[in-house]
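Novice: For reference, the structure I am asking about is given below.
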Amino acid sequence: MQNNKKSNLKQFGFYLLLTILGILMVFPLIWMLLSALKSPGEIFAVPLKWLPEVAQWGNFKEALELAPFGLYIFNSTFTALVIVIFQFVLSCMIAYALTQMKFKGRTLVFNLILITYMLPTEATYVPSYTIVAKMGLLDTLSGVIISNIASVFTIFLLRQAFMQVPKDTIEAARAYGAGDFTILWKIMIPMSKSTIFVVSLISFVKMYNNYLWPSLIVKSEKNYLITVGLNKFFTSQGSFADKWPLIMSANVLSVIPLLILFIILHKWFIKGIGDTGLKG
Amino acid sequence: MPKIKMTSIKKKYDNKGEEVIHDFNLDIEENEFIVFVGPSGCGKSTTLRMIAGLESITSGELWMDGKLVNDVQAKDRDIAMVFQNYALFPHYNVYDNIAFGLKMKKYKRSFIKERVEQAAEILGLTKYLKRKPKDLSGGQRQRVALGRAIVRDAHIFLMDEPLSNLDAKLRIQMRKEIINLHRRLGTTTIYVTHDQTEAMTMASRIVVLNDGYIEQIGTPEQVYNNPQSKFVAEFMGSPPMNFLEGSVKGNQLMLDSGEVLGELSQSIGDVEKVDIGIRSENIDIAAHDTGINMTVNHVELMGADLHIHGNADGKEIVIRVVPSEKVAVNEQVSLRVNIDMVHLFDANTGKALFDREKVNA
Ligand SMILES: Nc1ncnc2c1ncn2[C@@H]1O[C@H](COP(=O)(O)OP(=O)(O)O)[C@@H](O)[C@H]1O
Ligand SMILES: [Mg+2]
């Protein structure tokens, strides 16, 4: 009895902590949304005002008129999606080779891949920039895509997931007539789908939010990613108080694709994690 | 032409210094049910996996249907393998698991459906075709694994301890099902087990392995009645064979304690040290003092038999008698050994000194 009460209390404390942390995490998002609906005066009002007197829905329209955010969002979503697909295909093949094929220097290859992860990304900017330039891909979305298709993070996690697939299962597939490609496609990938799902999602968000590197590559407005576009908008509008609601509206617009993604996928997210393997 | 022919096959793992299979020679005929039996680590799985093509052959030749297959990939060997841990595909349902091999061969959908349903019928899986493996019991999973094997019409079945994850009752039932399946399909089968009972009850021929060497190849009767080495004698049969130490002088079989067990009906010359193997059914309790005395440790009634465990001549002995025999724990009894049924092994090499079957023939 005593014990039960204690653990209940403990659980309550735990939930309380989680709730507080949760609120802290979403607070900036909510504040952003509320600010997007305020008038310039309300944003900096002292004392602080939570809700706008009249919701200024026109802010969104005005923001969209000042810059082609729709195009930026499309560019970002498109590049992030293509990058994730490439990363998935390439990483699967590398992870398969690293876990299933026997060749000399296999560990060396893996270690070399890992070492590149230790390098600060910024240190690779100059050589990468030169390469992209030599390929004639500066100021193109292809340049952004191609420079991002190799992901050590994805390779590493997929390799971990592939190592979890029981050896027997793979051998059974082999004994029943499957070749390497079939084993990868019909066994390894389906059995690692929760990892693949989570990794792809993380990669997508990372690429969608990527700023510094794309800002070096794209120059013309038609190729702006949302991150670059927002920044340019911010600088071009200046930090005048009366522009802040517009900046906030643009921010809200930019997170919409990610929000939609999470709403569609959150069920999958939970299911995916609990749906692996066969426990005896 | 044998179905499978193995000549001088050797195996050495890359990451391990010493050879684990030494000079393996075996011919397997069409329709045979061969059992590889031996203690854990003796190389049964390694040998089976070499036949399957899942493990490379270090040296020697493996022939199937008159073709040298050393370098043929597993997927092209036309074998069907059943694994100890079932090795089902967890993301497929029962139907797709069974259909896997057929789909790989790109058969027509309707043909696959027919085959799978037929196999499911044979194995009593019809109700479970839509289920995922994780929602099946151990016995059902093993049936799915068997189903996956039989739909393929493969020429050879390979089974690696397929029943060892099942409980005792289910194991006996599945044993029967596998034997019936073999009768029905007649597919050449190699079955691996560490359980001598499975070997004795299922095999048409047994291959006893020890430490990477073949100890003996023979029918269950041959292996039981005529073990060629002390290892086989000890390993096959339950309760295990009893051993006493002695010597042979002028055809007299003597225990080290000096007691004479009797005269051998065949002359094998004098031997300084022999291991005398006697099955529990070939020892009796004698009415008079024979000089071979045993202290009874405990008594087990096994239904039709009574097993009496005790110590004689410093050795653990089990004898099997009729249940009406009256003995008490700690009692001293005199034993009578049926000299015409003893097996003699060279104490140094462990090799049998004569063929019991030939002598008694
Ligand atoms: N993949 C492997 N790498 C190295 N040694 C192995 C491997 N598989 C098995 N062995 C060794 O080979 C010997 C035979 O093993 P195995 O064929 O699995 O025996 P069994 O199936 O009879 O229990 C053992 O000594 C084992 O340690
Ligand atoms: Mg084994």
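Novice: Condition first: within 16 Å of ligand 1 (Cβ to nearest atom), part of a loop (DSSP other than H, G, I, E, B) and either within 14 Å of chain A (Cβ to nearest Cβ) or in contact (Cβ under 8 Å) with a residue 60 or more places away in the chain (or both). Now tell me which residues in segment B:54-76 satisfy that.
Specialist: Residues satisfying the conditions are B:Leu54, B:Glu55, B:Ser56.
Novice: Continuing with the same structure: Just the residues that are among the acidic types (Asp, Glu), under 24 Å from B:Ile9 (Cα atoms) and surrounded by fewer than 19 Cβ atoms within 10 Å (Cβ to Cβ), please, taken from segment B:196-238.
Specialist: Of everything in segment B:196-238, just one residue is among the acidic types (Asp, Glu), under 24 Å from B:Ile9 (Cα atoms) and surrounded by fewer than 19 Cβ atoms within 10 Å (Cβ to Cβ), namely B:Asp211.
Novice: Of all residues in segment B:176-205, which are of a type outside the set (A, V, I, L, M) and farther than 17 Å from B:Met236 by Cβ?
Specialist: B:Lys176, B:Glu177, B:Asn180, B:His182, B:Arg183, B:Arg184, B:Gly186, B:Thr187, B:Thr188, B:Thr189
Novice: For segment A:242-280, how many residues are of a type in the set (Gly, Ala, Ser), at pLDDT below 85 and surrounded by 12 or more Cβ atoms within 10 Å (Cβ to Cβ)?
Specialist: 2
Novice: Shifting gears a bit: Out of all the residues in segment B:37-51, which are more than 10 Å from ligand 2 (Cβ to nearest atom) and buried (at least 21 other Cβ atoms within 10 Å of the Cβ)? Talk me through it step by step, then tell me what you get.
Specialist: Going through segment B:37-51, the residues more than 10 Å from ligand 2 (Cβ to nearest atom) turn out to be B:37, B:39, B:50-51.
Scanning segment B:37-51 gives B:Val37, B:Met50, B:Ile51.
Novice: Quick one: count up the residues across segment B:185-219 that are touching a residue at least 60 places away in the same chain (Cβ under 8 Å), more than 13 Å from B:Val232 (Cα to Cα) and either more than 16 Å from ligand 1 (Cβ to nearest atom) or of a type in the set (A, V, I, L, M) (or both).
Specialist: 10
Novice: Which ones in segment B:215-247 are assigned to a loop (DSSP other than H, G, I, E, B) and within 26 Å of B:Val299 (Cα to Cα)?
Specialist: B:Met236, B:Gly237, B:Ser238, B:Pro239, B:Pro240, B:Met241
Novice: Shifting gears a bit: For segment B:14-39, which positions are within 12 Å of ligand 1 (Cβ to nearest atom), in a loop (DSSP other than H, G, I, E, B) and either at pLDDT 95 or above or among the basic types (Lys, Arg) (or both)?
Specialist: Scanning segment B:14-39 gives B:Lys16, B:Gly38, B:Pro39.
Novice: Now for a separate question. Kindly check whether there is at least one residue in segment A:141-161 that is within 14 Å of another protein chain (Cβ to nearest Cβ) and assigned to a helix (DSSP H, G or I). It would help to see each step written out before you state the result.
Specialist: Of all residues in segment A:141-161, those within 14 Å of another protein chain (Cβ to nearest Cβ) come to A:161.
Filter once more, so that each one left must be assigned to a helix (DSSP H, G or I): A:161.
So far as segment A:141-161 goes, yes, one or more of its residues are within 14 Å of another protein chain (Cβ to nearest Cβ) and assigned to a helix (DSSP H, G or I).
Novice: Sticking with this structure for a sec: Of the conditions (1) in contact with a helix residue (DSSP H, G or I) (Cβ under 7 Å, 6 or more places away or on another chain); (2) under 18 Å from B:Ile278 (Cβ atoms); (3) among the small types (Gly, Ala, Ser), B:Gly246 satisfies every one except a single condition; which number is it?
Specialist: In the conditions (1) in contact with a helix residue (DSSP H, G or I) (Cβ under 7 Å, 6 or more places away or on another chain); (2) under 18 Å from B:Ile278 (Cβ atoms); (3) among the small types (Gly, Ala, Ser), B:Gly246 misses (1) alone.
Novice: Identify all residues within segment A:162-201 that are more than 16 Å from A:Ala97 (Cα to Cα), among the hydroxyl-bearing types (Ser, Thr, Tyr) and within 14 Å of another protein chain (Cβ to nearest Cβ); write none if there are none.
Specialist: A:Thr169, A:Tyr176, A:Ser194, A:Thr195
Novice: Continuing with the same structure: Within segment B:40-53, take every residue that is more than 6 Å from ligand 1 (Cβ to nearest atom) and touching an Asp or Glu at 6+ places or on another chain (Cβ under 6 Å) and give me the one that is nearest to the other protein chains (Cβ to nearest Cβ).
Specialist: B:Arg49
Novice: Of the conditions (1) at pLDDT below 95; (2) more than 16 Å from ligand 1 (Cβ to nearest atom), B:Pro162 fails just one. Which one is it?
Specialist: Looking at each condition in turn, B:Pro162 falls short on (2).
Novice: Considering segment B:77-102 alone, what residues qualify as being under 18 Å from B:Val116 (Cα atoms), of a type in the set (Phe, Trp, Tyr) and at the interface with chain A (Cβ under 9 Å from one of its Cβ atoms)?
Specialist: Matches in segment B:77-102: B:Tyr86, B:Phe89, B:Tyr92, B:Phe100.
Novice: Restricting to segment B:12-35, name every residue that is within 16 Å of ligand 2 (Cβ to nearest atom) and in contact (Cβ under 8 Å) with a residue 60 or more places away in the chain.
Specialist: Result: B:Val20, B:Ile21, B:Phe24, B:Ile34, B:Val35.
Novice: Follow-up question, since we're still on this one. For segment B:103-118, enumerate the residues that are under 32 Å from the mean Cα position of the chain (by Cα) and either more than 14 Å from every other protein chain (Cβ to nearest Cβ) or outside any helix (DSSP H, G or I) (or both).
Specialist: Once the filter is applied, which keeps residues that are under 32 Å from the mean Cα position of the chain (by Cα) and either more than 14 Å from every other protein chain (Cβ to nearest Cβ) or outside any helix (DSSP H, G or I) (or both), segment B:103-118 yields only B:Gln118.
Novice: Looking at (1) within 14 Å of chain A (Cβ to nearest Cβ); (2) more than 9 Å from ligand 1 (Cβ to nearest atom), which is the only condition B:Lys3 fails?
Specialist: The one condition B:Lys3 does not meet is (1).
Novice: Taking into account only those residues within segment B:133-185 that are within 22 Å of B:Val37 (Cβ to Cβ) and among the basic types (Lys, Arg), which is farthest from ligand 2 (Cβ to nearest atom)?
Specialist: Ranking the candidates gives B:Arg183 first.
Novice: Let me ask you something else. Only residues that are of a type in the set (Ser, Thr, Tyr), within 8 Å of the chain's Cα centre (by Cα) and away from ligand 2 (no atom under 16 Å from the Cβ): list them for segment B:186-206, please.
Specialist: Correct list: B:Thr197 only.
Novice: Right, another one. List, please: which pairs have Cβ atoms under 7 Å, are six or more places apart or on different chains, and start with a residue in segment B:36-49 that is on the phi > 0 side of the Ramachandran plot and end with one that is of a type in the set (Gly, Ala, Ser) and more than 9 Å from ligand 2 (Cβ to nearest atom)?
Specialist: B:Gly43/B:Gly212
The values are calculated or read from the model by the stated rules, or taken from the named source; none is laboratory data. It should be emphasised that the depicted structure is a prediction, and the values quoted were computed from it without experimental measurement. Because the Cβ atoms are built from the backbone with ideal geometry, glycine has one as well, and the counts that use them run over all protein chains shown.
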